[in-house]
Ligand SMILES: Nc1ncnc2c1ncn2[C@@H]1O[C@H](COP(=O)(O)OP(=O)(O)O)[C@@H](O)[C@H]1O
Ligand SMILES: [Mg+2]
């Protein structure tokens, strides 16, 4: 479903991604972990071309983007449709209700009939447990509810791949579970997803593969058991120690 | 000097309150000039304001977009335009348009020259407001728009400008209210708007204090009504932000 080849990204002189290779099968959930500043966000953003990679190729469901040369706008738009991003800070549209947030893509971008888009949005919001909150504005919702709207908004475009960038790290601890639950259901339904998260329990329960990223490279990859219980690389061990200690403080 | 002025003021008031005929004459003039003033407002002041503000806002939005665009050429054109308009007096701009341009063969009607001058003015001043408002919208809003597949213009129209409008209502209301008052400068290029009517009537009966005060009062009433509209607009746009 996703094939990434030698992906590079630099900001000026700062090389943030130093050659990423990755294949993800259809229906797989991949969890990416790694220290702050290691390039996880940049990596996800490159897959949705919110940042333009400096070199490399990405193919999603047969749509290929070669970043060694500038891409025409049309191709970027076409490629971007293959995936949708869920942001750390939700980034809901504050001037629209939950329902309007979810309808916006189908109505404005896909030009779907309003009534049809509305029915679909209602269905999605019901699915993420927000049937009662459809007509509220984002400021009237808790962080967990906002993030679930964010997930519904991304799903409304029927992407082949869902990208999650630390979707629960801005949430109060008691709200994390409701968001992870929705993501878990998605994974069980067979959605292909790439998730940056440090929620170990989610990774252990849901991920088919865990990647450890550091300084712009994938240092180690394996099943959750391999990475969490038997890490091979020294840097992976150090990092896991750090986050496990942080959990127990 | 001071004594002299006080003396005159006293005479004016005395003449009103002790001389019934004088009072009657003033009331008569006030009454009979009310309609011509209002006519000037309805024929010119209000249309000038509304048309110039509408054209000005379109111009301002385009200028703001040029300023934030990545195309250097657009940026420079926009900067020069804003700099010229903000750096020269409105009266000079109007004079150039109406009295100056005929020299090079471009003759404009007073009303047309006024619309042009005021629109260019609003365009420059409001572009700074709109630019700041657009830049104040978090980058995440652009990204969220992009990730659901929106093009630049769709994101602008559906996501960014609606939010930027909310932020710009108070400063744009100021621009609008200034414009209402600035239209009095059109009197100088022979547009018979409200203030010019007052001048014409006063030139005829010499009651300058009365007529200019009357015109002033009408401007004040217009601006007061506008500030009420501003309040309502702000409430309407604030429905989606936390009251906390
Ligand atoms: N737009 C940008 N311009 C310049 N540097 C950036 C930009 N975005 C990210 N970076 C830099 O790239 C590096 C990786 O950032 P990021 O991908 O956000 O890491 P992570 O998500 O793993 O914390 C950091 O050093 C960050 O400062
Ligand atoms: Mg990050």
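Nothing in this text is a laboratory measurement; each read-out follows from the coordinates by a stated rule. Since the model is a prediction, treat every value here as computed from it, not as a measurement. All Cβ positions, glycine included, derive from the backbone under ideal geometry; neighbour counts span all protein chains shown.
In table form, for the structure just shown:
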{"read-out": "Crossing angle, helix B:2-18 versus chain B [Cα axis fit, 0-90 degrees, rounded to tens]", "value": "70"}
{"read-out": "Mean residue ellipticity (222 nm) of the protein assembly as shown, computed from DSSP H runs ≥ 4 via -39,500 (n - 2.57), nearest 500", "value": "-18000 deg cm²/dmol"}
{"read-out": "Percentage relative contact order, region A:101-205, counting C-alpha pairs under 8 Å, at least six apart", "value": "26"}
{"read-out": "Degrees, to the nearest 10: B:20-40 long Cα axis against longest axis of chain B", "value": "30"}
{"read-out": "Shape of the protein assembly as shown, Cα gyration tensor, a/c cut at 1.5", "value": "prolate"}
{"read-out": "Considering only the protein assembly as shown, percent of DSSP beta bridges that pair antiparallel, nearest 5", "value": "55"}
{"read-out": "Share, in percent, of DSSP beta bridges within chain A that are antiparallel, nearest 5", "value": "55"}
{"read-out": "Angle between chain B longest axis and helix B:161-182 axis [Cα atoms, degrees, rounded to 10]", "value": "20"}
{"read-out": "Added length on full extension, which subtracts the Cα-Cα distance from 0.36 nm per residue, residue B:107 to residue B:91", "value": "4.0 nm"}
{"read-out": "Estimated distance in nm for a label pair at residue B:70 and residue A:69, the labels positioned 7 Å out from Cα along Cα-to-Cβ", "value": "1.9"}
{"read-out": "Average Cα contact separation per residue, region B:1-112, under 8 Å, 6 or more apart, as relative contact order %", "value": "10"}
{"read-out": "Euclidean distance between Cα centres, region B:26-59 to region B:159-230, Å", "value": "8"}
{"read-out": "Inter-centroid distance (Cα atoms) of region A:115-176 relative to region A:39-71, Å", "value": "26"}
{"read-out": "Cα centroid of region B:77-126 to Cα centroid of region A:216-249, whole Å", "value": "67"}
{"read-out": "Cα-based shape type of region B:16-60, given that a ≥ b ≥ c are square roots of the gyration tensor eigenvalues and the cut on a/c is 1.5", "value": "prolate"}
{"read-out": "Computed over region A:33-88: relative contact order in percent, which uses C-alpha pairs under 8 Å that are six or more apart", "value": "28"}
{"read-out": "Simple label model, 7 Å out from Cα along Cβ direction - residue B:239 to residue B:223, nm", "value": "3.1"}
